[in-house]
């Protein structure tokens, strides 16, 4: 299995949480990953740093809200904007805009860092 390293690989260095923000510190959120994503190198239980004010780009991992659930999706912009499942690229959702507001999908923020802890022994 070819697992990609996380944005911040755990290589024995300490991570200062106050340095893990992008733009406005009071607009940055910390979340825990409930599930792993092998293709993105995110382990279950990883600390996710999310900025709702960051500008999404093609390939960005975004946190979306559908109903009461939050999940991670990858933004694709060609041929048009859509959201793909991280580990199942054929599972897609429309990008939430004025035309898809009835779909109940809300782009909640952009994943800017992932901190994977050491696996439990």
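The values are calculated or read from the model by the stated rules, or taken from the named source; none is laboratory data. What you see is a predicted model; the values in this text were computed from it and never measured. Heads up, the Cβs are rebuilt from the backbone with ideal geometry, glycines too, and the neighbour counts pull from every protein chain shown.
Values computed for the structure shown
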{"read-out": "Residue list for the range 25-38, filter: out of contact with any strand residue (DSSP E or B) (no Cβ under 9 Å at 6 or more places or on another chain) and surrounded by 13 or more Cβ atoms within 10 Å (Cβ to Cβ)", "value": "38"}
{"read-out": "Failed condition for residue 78, given (1) modelled with pLDDT of 90 or more; (2) not in a strand (DSSP E or B)", "value": "(1)"}
{"read-out": "Residue in the range 85-99 that is within 14 Å of the chain's Cα centre (by Cα), modelled with pLDDT of 85 or more and in a strand (DSSP E or B) present", "value": "yes"}
{"read-out": "Residue, surrounded by the most Cβ atoms within 10 Å (Cβ to Cβ), within the range 61-73, restricted to residues that are assigned to a strand (DSSP E or B) and in contact (Cβ under 8 Å) with a residue 24 or more places away in the chain", "value": "72"}
